[in-house]
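Read-outs: derived from the displayed coordinates by stated rules, not from any lab. Not measured: the values here are computed from a predicted model. When we count neighbours, we look across all protein chains shown, and the Cβ atoms used for this are built from the backbone with ideal geometry, even at glycine.
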Amino acid sequence: MSKENQKEENAVNESYRQKPKVAVYVCHCGGNISDVIDVKRVAAELSKYPNVAISREYAFMCSSTGQDFVVDDIKNNGINRVVIAACSPFLHELTFRGALNRAGLNPYLYEHVNIREQSSWVHKNDKEGATLKAISLVKAGVEKILRQDPLNSIRVEALHSVAVIGAGIAGLRAALSCAENGLDVTIIEKSDSIGGNLRRSGNIYPTGEKASSIPENLSKKVLSMKNVKIYTQAEISFVGGYVGNFQLNVKKSDGNFEKVKAGAIIVATGFNHYIPHEGEYGWKKSTFVLTLPQFNELLEQSAGSEIEIEGKKIKSVAFMHCVGSRQIDGIDKPGKNGKVNDYCSRICCTAIIHSANRLKEKFPYVDVFDIYTDMRTYGMHHEKYYKDASKNDVIFFRRPLEERPVVEIGSDSIKIKTKDVLTMNEEMEIEADVLVLGTGIVPNDISDLVEYLKLPRGSDSFLQEVHPKLRPVEVSNNGIFIAGTAQGPMDVMETLQAANTAAVKAAALLSSPDIPLDPFVAVVDEDKCTGCGLCLAECSYSGALTMMEKEVNGKKKKVAVVNPALCKGCGACVAVCEPRAINVAGWTLDQFDAMVEAIAKE
Amino acid sequence: MSEKKPKILIITTNHSSYPGANAVGQAHLSYDSNTYIIRVPDPVMFPENFYMKAFEKGIAGIIIMSSGSDCPYEGAYDRLSKRIQNVYNLMKGKNIPINRLKLTTICTVCREAFIKEISDMEKVVAK
Amino acid sequence: MNGKTEHNCDTLIVGSGIAGMQAALDIGDAGFNVIMVEKSPSIGGKMISLSKVFPTLDCASCITTPKMAASSHHPRVQMMTYTEVKNISKKADGFEALLIKKPRFVIESECISCRKCEEACPVYLEDEFEYGLGVKKAISIPFTNAIPQFPVLDEEKCIRCGACARVCPKDCIDYLQKPEEITVKAKSVIIATGYEITPMDAKKEYGENKLINVISSLQAERLLAPHGPYGKVLRPSDGKIPDSIAYVQCAGSRDESIGVPYCSRVCCMYAIKQAMLLSGSLPLSEITIYYMDIRAFGKGYEQFYNQARAMGINFVKAKVAKISEDSQHNVILRIDRQEEGSKPQEVKHDLVVLSQGLIPSRKEFFGLDVKLNEYGFIDSPAKTFSPALTGIDGLFVAGVASGPKDIPDTIMEAGSAAMEALNYLKTAKIS
């Protein structure tokens, strides 16, 4: 839910503390309800119900006249709880909460009963049944609201600062955007300089510019911001606190510790290139087997008319796709974590084609071979690079998904044997001076951080967002956002966009002096709590529930304590609390028992 | 149709099955009126005895329409399905046929599935 | 033309699909005022019409409706639906947009969304929300979970019988409603106009949209949707349950002959998803996907593809050269299989889905001097600095308006455009 959908409560009316006086309103919805349900009978039935002081029916409760009834009854007739039977609460719950607010009553002292979508519209041929059902449902609504406490949105103070972990392009982009937004930013970088993976030389798609110029442009801007602090060679040793108020202990390069305080944390710890196993496609068996980043470096450094390694003129180069990506259990050797990388690394196909073209442009005499499975040149102009490669006489071989080419290191060249789909699955033999391994992307090792921040990781070992569409840069821990390739393979443009999205979430979260939180979280009745701790075992959200020694009614005892900033209000704890000491505010078990009682009664 | 039929309690979630029930109404489909829908953040909050008490009070059948894999809460669905297993054991002890309690998943537009769950339960409670 | 109104806002967002809504929510949450304008009668864009979405197989509606509800209830987001943007011009102090609010012929402030008008209307029309597979009335609410829930009267098809006006309990049918001119002064603008799919008749070898059992990918989405037009998958010609279904990949992408040489990025994945859903609802049917390269490059996508292969969906590396039909309207594909390299083969299927590509939704962008690439998408001059920038100060782009992409990538871009807009509002010297 967007935080702004929780209306501010400025209720001053304390009348709910007095004896309950419930008002019931039954809406006709211009015949939509009243054509099926006998609304007069419902209102009359309810007027006899205990604690109901007023019971009315009206043509359009949502109209301003309808709302005025509610306001007037609260202000002038001593009504302190309201039940409205009408359409779905999703349409007009906020409308009527607004009306209660205007009348000065806490907006949560109102229950909306749905007798349109879930009664009159679905029981058209059963008027008597629909009417009886409506009566039962409205009675249940009265029972619920009688047991309702006023709710106020919980607010936690927010520091207007962000800690960005990692100074690659994702970290720099997020830091720059947060800083431009006026937030104080601290960048914490493990290595000795900023810029991340793109510091290496080499050329990059889609612009063809030098890779290193991308972090350079960003860092120039970042360094010009007065509200940005950067710690390099810094290590995080502990993280405490919660949304709005995190503390990070940072060990600086000089060995001293610094306490960094932040309202939000952006994790931008980036990726590493996959390192092949010894012998995987000839890796480490020859100095002529290179990874793609190594080859790109060589290519950029090579000047003149020939490209050479160790003094040997290179006349042919073969590129191998999917090294460390799209691996298959039982075919490929698992990594240290015991798992194969079954994911696609997304950027390698285009990166390889880009390098192949660059090689051909710089050294047209070189024969270039490309061994791929599916050509994933998906981006805006990537297909053009692929076409250009064909025009540049790059020779393509397509290996079947389950087949693995065999690499033999000869004394003078490298032999690659592969099945080729393009020639009716014929066994092909390619001879090349250099074999370039299109190594995939793996997340950086951030086990410590994962522990400190309780970060969830997916089966692919990348950080796992709550939901790829609903909350794509959030983890379940409020106030922590993820940016860039720590989350999964992305190219430069995608990384920058993702980093800005993490930044906008931090900026929105910290845009006001305090952070409003949903009031529907667990609450503990300390009198009833026996300190058994069963609820703790049920809670999925670390830190949301703790046991604490407290003084209750003059006696010290152990009770459950809820941190509303971390509780999500799922109610998993509620079910295991035998004395019903813990409940979700606004949705208590006593309320539901009473509702079921009212429904079950004849 | 107005003779008193055994009552069915339908537990829906704010997140998916309650809007699903609204979608059934918006499509003007119909089902029997002995069906009472309540909504919760997540049915994981109900202890075993909530269901048992509901049966004692005279509810004939209960359908829990959870959000299933769409559930916004961590681990809630697994906990819920384990709890329902416990309830089944309690029901067996009290000789209540376990098909009077059904755990299912209904999405925001699962109109046909919603109707089918109700008609299945109607058959069960009619016996 | 009826009346003229003027509005001010911090950010005008053009388009209310998933990109527009997400950007609106992010900007609104950060404390700035947004006007989100949408040409259709409901917000939600293309995403609300999809069945389920890859790779999680969440129901699309379940992901979209919360965003629709949140943006429609947001105190700082004002939506203007059924409203066309005619022109946007850059002024010294921001942008000025001229909008035309089209008449629904319903007084919105009075309507209670009861659908009585819809029930009473005697005129049936093809339902564009169902891509022609279903019917609707000449006055109707666009679809189940449309926001706002106001009906629209089709001016041309309405026979002025008065049935709707007679049953309306609020007396809010107004046959004389006129278009309304609205001026919006905005400090910044986000373009989130999304896409159209390549037309069914784009490739003349593919039957020119005359083959009844060759359907579009969006029609297939509706057939598979839990609240779709038939409630199940049936083939259009005879209502028969199809025993063999084929997907033709790149039917509108990677094809210079139709002017779409680029990859549309989503077609492999939506075809795989649809195939998986089909094999769930029609377990006895054979499903074949004819493809060049399977581009399952996003997070979790390769695993999704592997799952589909394990489910028994046939993946065949082949180009489809021609599509025709026999006398029973069975679809005949002439294919060149890459693996066999032999002569072209002919294969028969009951139902064929064209995996169409994505093209820009408009040829030009409201008179704004924004740079487009050779395919008509908005081209960012700052791809390696902040791709949401457009080269015009205060104008930003999100989603498919800048090139094809899937929903997660679109949502990331929306957040990015919102970030840039916010920082522009904070730092630029605009009143």
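So, R0 is 60 Å and r is the distance between the beta-carbons of A:THR65 and C:LEU372; what FRET efficiency does that work out to, to 0.05? Provide the component values of the computation, followed by the final result.
On the way: r = 53 Å, r/R0 = 0.88.
E between A:THR65 and C:LEU372, to the nearest 0.05, is 0.70.
Ordered by residue, what ³J(HN,Hα) values in Hz, to whole numbers, does the stretch A:198-213 give under the Karplus form 6.51 cos²θ - 1.76 cosθ + 1.60, where θ = phi - 60° and Gly and Pro are x?
Once rounded to whole Hz, the list reads 7, 5, 4, 7, x, 10, 9, 7, x, 9, x, 7, 5, 3, 5, 5.
Using +1 at the Cβ of each Lys and Arg and -1 at the Cβ of each Asp and Glu in the protein assembly as shown, identify which of B:GLN85, A:ALA234, A:VAL26 lies farthest towards the dipole's positive end.
Farthest along the dipole direction, towards plus: A:VAL26.
Calculate one ³J(HN,Hα) per residue across the stretch C:109-114 by plugging θ = phi - 60° into the Karplus curve 6.51 cos²θ - 1.76 cosθ + 1.60, and present them in order as whole Hz with x for glycine and proline.
Ordered by residue, 3J(HN,Hα) equals 5, 9, 4, 10, 6, 8 Hz.
Build a GNM of chain B with springs between Cα atoms under 10 Å: which of B:ILE84, B:ILE62, B:ILE37 gets the top mean-square fluctuation?
Top of the fluctuation ranking is B:ILE37.
Pick out, from C:VAL320, C:CYS250, B:VAL109, the residue whose Cα sits farthest towards the positive end of the charge dipole of the protein assembly as shown, with +1 on the Cβ of Lys and Arg and -1 on the Cβ of Asp and Glu.
Of C:VAL320, C:CYS250, B:VAL109, it is B:VAL109.
Translational diffusion coefficient of the stretch A:282-434 at 10 °C, 1.306 mPa s, Stokes-Einstein with Kirkwood Rh over Cα pairs, in µm²/s as a whole number.
98 µm²/s
Looking only at chain C, where both bridge partners belong to it, what percent of the DSSP beta bridges are antiparallel (to the nearest 5)?
Counting DSSP beta bridges with both partners in chain C, the antiparallel share is about 50 percent.
Putting +1 on Lys and Arg Cβ atoms and -1 on Asp and Glu Cβ atoms, find which of C:MET311, C:SER402, C:LEU389 reaches farthest to the positive end of the dipole of the stretch C:301-424.
Farthest along the dipole direction, towards plus: C:MET311.
Given the C-alpha centroids of the stretch A:441-461 and the stretch A:547-602, what is the distance between them in whole angstrom?
Distance between centres, Cα-based: 34 Å.
In the structure shown, do any of B:LYS116/C:LYS116; C:LYS46/C:LYS240; A:LYS505/C:LYS299; A:LYS454/A:LYS568; A:LYS220/A:LYS252 have a Cα-Cα gap over 18 Å, and if so which?
Over 18 Å Cα-Cα: B:LYS116/C:LYS116; C:LYS46/C:LYS240; A:LYS505/C:LYS299; A:LYS220/A:LYS252.
Distances longer than 24 Å among the Cα atoms of the stretch B:6-112: what percent of all pairs is that?
Of the Cα pairs, 22 percent sit more than 24 Å apart.
Counting Lys and Arg as +1 and Asp and Glu as -1, each charge on the Cβ, what is the dipole of the stretch A:282-434 about the Cα centre in debye, to the nearest 20? Provide the component values of the computation, followed by the final result.
Numbers: 23 positive and 25 negative charges, 88 e Å.
Roughly 420 debye for the stretch A:282-434.
Could you pull out every residue, at least 5 positions away or on a different chain, whose amide H is within less than 5 Å of the one on A:ARG56? Hs are placed 1.01 Å off N in the peptide plane, and Pro or chain starts have none.
For A:ARG56, whose amide H was placed from the backbone, the distant partners under 5 Å are A:VAL24, A:TYR25, A:VAL26.
Let's see if you can work this out: charge +1 on each Lys and Arg Cβ, -1 on each Asp and Glu Cβ, no other charges. What is the dipole magnitude of chain B about its Cα centre, in debye to the nearest 20? Write down the numbers at each step before the final one.
Details: 17 positive and 12 negative charges, 103 e Å.
Here the size comes out at about 500 debye.
What is the set of long-range amide H partners of B:THR105 at a cut-off below 5 Å, with H atoms built 1.01 Å from backbone N?
B:SER66
For C:VAL400, what is the net charge nearby, where nearby means another residue's Cβ is under 10 Å from its Cβ and Lys, Arg count +1, Asp, Glu -1?
Local net charge: -1.
Running a GNM on chain C with Cα contacts under 10 Å, which residue among C:LYS52, C:LYS39, C:LYS371 ends up with the highest mean-square fluctuation?
C:LYS371
What residues have an amide H closer than 5 Å to that of A:PHE369, excluding those fewer than 5 places away on the same chain, when H is modeled at 1.01 Å from N in the peptide plane?
So A:PHE369 has HN proximity to A:VAL317, A:ALA318, A:PHE319, A:ILE395.
Over the protein assembly as shown, what portion of Cα pair distances is larger than 63 Å, expressed as a whole percent?
Summing the P(r) of the protein assembly as shown above 63 Å gives 10 percent of all pairs.
Could you tell me, in Å, what Rg and Dmax come out for the Cα atoms of the stretch C:305-350?
12.7, 37
In whole Hz and in residue order, list the ³J(HN,Hα) couplings for the stretch A:315-327 that follow from phi through the Karplus curve 6.51 cos²θ - 1.76 cosθ + 1.60, θ = phi - 60°; x for Gly and Pro.
Once θ is set to phi - 60°, the couplings for the stretch A:315-327 become 9, 8, 10, 10, 9, 10, 7, 6, 8, x, 10, 6, 6 Hz.
Need one word for chain C: rounded, prolate or oblate. Basis is the Cα gyration tensor (sqrt eigenvalues a ≥ b ≥ c); a/c below 1.5 gives rounded, then a/b vs b/c decides.
oblate
Send over the semi-axes of the stretch C:198-357's equivalent ellipsoid, whole angstrom and largest first, taken as the square roots of 5 times the C-alpha gyration tensor eigenvalues.
21, 20, 16
Would you give the gap between the C-alpha center of the stretch A:416-439 and the C-alpha center of the stretch C:300-329, rounded to a whole Å?
Distance between centres, Cα-based: 26 Å.
Which whole number in µm²/s is D for chain A by Stokes-Einstein, with the Kirkwood Rh taken over Cα pairs at 25 °C and 0.890 mPa s? List each step's numbers first, then the result.
Numbers: Rh = 28.9 Å.
Taking Rh from Cα pairs, D becomes 85 µm²/s.
In nm, give the distance between the simple-model label positions of C:ALA310 and C:GLU180, each being 7 Å from the Cα along the Cα-to-Cβ direction.
Label at C:ALA310, label at C:GLU180, 5.5 nm between them.
What percent antiparallel are the DSSP beta bridges of chain A, to the nearest 5?
Numbers: 49 of 99 bridges.
Beta bridges within chain A, antiparallel portion: roughly 50 percent.
Averaged across A:588-597, how many Cβ atoms of other chains sit within 10 Å of each residue's Cβ atom?
On the way: counts 1, 5, 0, 1, 7, 6, 0, 3, 13, 5.
Mean shielding count: 4.
At a Förster radius of 51 Å, what calculated FRET efficiency corresponds to the Cβ-Cβ distance of C:LYS322 and B:GLU112, to the nearest 0.05?
Working: r = 38 Å, r/R0 = 0.75.
The computed FRET efficiency comes out at 0.85.
With charges only on Cβ, +1 for K and R and -1 for D and E, what is the dipole size of chain A about its Cα centre, in debye, rounded to 20?
Details: 71 positive and 76 negative charges, 276 e Å.
In debye, rounded to 20, chain A gives about 1320.
In whole angstrom, how far apart do the alpha carbon centroids of the stretch B:58-120 and the stretch A:302-361 sit?
When both Cα centres are located, 51 Å separates them.
Mean residue ellipticity at 222 nm from the helices of chain C, using -39,500 (n - 2.57) per DSSP H segment of n ≥ 4 over the full residue count, to the nearest 500 deg cm²/dmol?
That comes out to -6500 deg cm²/dmol.
Which one, C:GLU286, C:GLU118, C:GLU339, has the greatest fluctuation when you compute a Gaussian network model over chain C with C-alpha springs under 10 angstrom?
C:GLU339
For the protein assembly as shown, what proportion of DSSP beta bridges, expressed in % and rounded to the nearest 5, is antiparallel? Before the final figure, lay out the partial values.
Details: 91 of 196 bridges.
Rounded to the nearest five, the antiparallel share is 45 percent.
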